[in-house]
1. Kindly indicate whether residue 131 is surrounded by 14 or more Cβ atoms within 10 Å (Cβ to Cβ) and in a helix (DSSP H, G or I).
2. What do you reckon, is residue 127 closer than 14 Å to residue 60 by Cα and either modelled with pLDDT under 95 or not aliphatic (A, V, I, L, M) (or both)?
3. Among the numbered conditions (1) closer than 14 Å to residue 139 by Cα; (2) within 13 Å of the chain's Cα centre (by Cα); (3) not aromatic (Phe, Trp, Tyr), tell me where residue 63 comes up short.
4. What are the residues in the stretch 55-71 that are charged (D, E, K, R) and under 22 Å from residue 94 (Cα atoms), if any?
5. Pairs, please: C-beta under 9 Å, at least 6 apart or cross-chain, first residue modelled with pLDDT of 95 or more and in the stretch 138-152, second surrounded by 18 or more Cβ atoms within 10 Å (Cβ to Cβ) and of a type outside the set (A, V, I, L, M, F, W, C)?
6. Would you call residue 168 loosely packed, with under 11 Cβ neighbours inside 10 Å, modelled with pLDDT under 90 and either more than 15 Å from the chain's Cα centre (by Cα) or not aliphatic (A, V, I, L, M) (or both)?
7. Can you tell me which residue in the stretch 94-121 is modelled with the lowest pLDDT, limited to those that are surrounded by 13 or more Cβ atoms within 10 Å (Cβ to Cβ) and in a loop (DSSP other than H, G, I, E, B)?
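The values are calculated or read from the model by the stated rules, or taken from the named source; none is laboratory data. What you are looking at is a predicted structure, and each value in this text was computed from that prediction instead of being measured. Cβ: placed from backbone, ideal geometry, glycine included. Neighbour counts: every protein chain shown.
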Amino acid sequence: MASPLSPSPEDEEFARRSRAVCRGICRLFARNGIWALTEMPLRNGRRADLMGIDAKGKIVIVEVKTARGDLLGDGKWPDYLDFCDRFYWGLPPELDRAVLEGPDYRPDCCGVIVADEYDAEIVRPAPSHPLAAARRRVEVERLARTALRRQLVGLDPHCGNWGGELAG
């Protein structure tokens, strides 16, 4: 029996599926010159499942959903739109994506990527909604600093609390 602090088997499976979708999307992005971080904190208190930057300096955010209930119950996703030039939903192949065609999911501004742990395919491109230049600059710098901090902490875990940027 799992302790109250350990994740349930369902939670572990949910996390595994989310990681698999993220991995496939990151592979697709890498082939297309987009470099992304997982679990990127945003300044509004939200956290993007994937946030990346393309070769032209445009910011892409992907919200990953691996279960129908999670997809239907997500009311926070519009909070991501102020932090990216393009927004995608990332889903595993078996998840019915028909709901994403409804007006509540604003197909006019959201793309869809279907992914497994090996690869991904854009099934609906995300239209570009350019950020203001000043906003983009701030977000690109935050993304770069977070990536560099994660790399350094990976090399030397003892420096994780140095520099006064505990929240990423």
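1. Numbers: surrounded by 14 or more Cβ atoms within 10 Å (Cβ to Cβ): yes; in a helix (DSSP H, G or I): no.
Considered against the rule, which asks whether it is surrounded by 14 or more Cβ atoms within 10 Å (Cβ to Cβ) and in a helix (DSSP H, G or I), residue 131 comes out as no.
2. yes
3. The one condition residue 63 does not meet is (1).
4. 63, 65, 68, 70
5. Close Cβ pairs (under 9 Å, with a partner that is surrounded by 18 or more Cβ atoms within 10 Å (Cβ to Cβ) and of a type outside the set (A, V, I, L, M, F, W, C)) amount to 143/52.
6. It is false that residue 168 is loosely packed, with under 11 Cβ neighbours inside 10 Å, modelled with pLDDT under 90 and either more than 15 Å from the chain's Cα centre (by Cα) or not aliphatic (A, V, I, L, M) (or both).
7. Across the stretch 94-121, the extreme among qualifying residues is 107.
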